1. When region 82-108 is examined, which residues are found to be more than 16 Å from LEU230 (Cβ to Cβ), β-branched (Val, Ile, Thr) and modelled with pLDDT of 90 or more?
2. Can you say whether ALA79 is at pLDDT 90 or above and closer than 19 Å to ALA218 by Cα, as far as the supplied structure shows?
Amino acid sequence: MTDHAIDHAAPRVASIDRYSPAVLLSLALLFGLLAQSLFYRSALGVNVGIASIVVLGVAYRLRPNRARIDPLDRWIAPAAVIFAFLPALRVDLMLLLYDIPAAFVLVTMAVVSFAGVPLTRRAADLLVILGLVVVGRIVAGGALLLAAFPDLGRPLARRTGGRIASIGIGIALAFPFLLVFAFLFASADAVFSSAITNLFDFRNWSIGELIGRVLVAATFAWVAGGLFLLAGRGADTTMSPLLPRLRGLLSSTAGATTLLAVDALFVFFVALQ
């Protein structure tokens, strides 16, 4: 029994860095930055193929150490690449409505197969159930990675104090609100707009473009986070409860920091009037 337990624990220790929230979040955010440069205000074409190859490459690297692709599933990854590059060859709208979803489904299937989960040999009804589990994992991927931050920051909190991490979380939560209110105030008041322009030098780019790129990057990073989790764990649903971890993120210090940051922006706006 003891040998059996050690045998299952060893791979987890060996690959803890690869599957840590910091690594997965970093990879997801980097993919989001790449995706916004590929897709923002760009027609669907070769960019779909490039993004798919990047996801497949990262997912293959993140697969569990002992995972083996089922021989009957070896067609999935090549098919995903082929469908991902089809939008570069044919631009008809009706064909794109088929090629893009097919490429996404095949990329997702390839990621799951990398984790050692057999797909082709499964019955159709089991594939439907597995598909629902996979969709849930993709949708919740970003939240699951964010919810893992309390465990990640626990050693740091022992040394520097938990308030530093909570303040950082509060600033991160306040950032979207600051961005939106700054845009609204700048649109309504020329003095505020001039002050913001002088402070951040927005002369060479549009705040609307920044918001659009951030939204595109966040969307792709969220989906990539779910796919990278699938690559490391397959369709395994045994994981820590999400809501208790999210409650750990939303401490009173983080909430107070968020409110203070937003209030500071309002005070700055009023002071200029």
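The values are calculated or read from the model by the stated rules, or taken from the named source; none is laboratory data. Predicted model, so just to flag it, every value in this text is computed and none were measured. Cβ atoms come from the backbone with ideal geometry, glycine included; neighbour counts cover every protein chain shown.
1. As a first pass, look at region 82-108 and keep what is more than 16 Å from LEU230 (Cβ to Cβ): 82-103.
Imposing the further condition that a residue be β-branched (Val, Ile, Thr) reduces the set to 82, 91, 100.
Answer for region 82-108, where residues must be more than 16 Å from LEU230 (Cβ to Cβ), β-branched (Val, Ile, Thr) and modelled with pLDDT of 90 or more: ILE82, ILE100.
2. On the way: at pLDDT 90 or above: yes; closer than 19 Å to ALA218 by Cα: no.
Criteria not met by ALA79.
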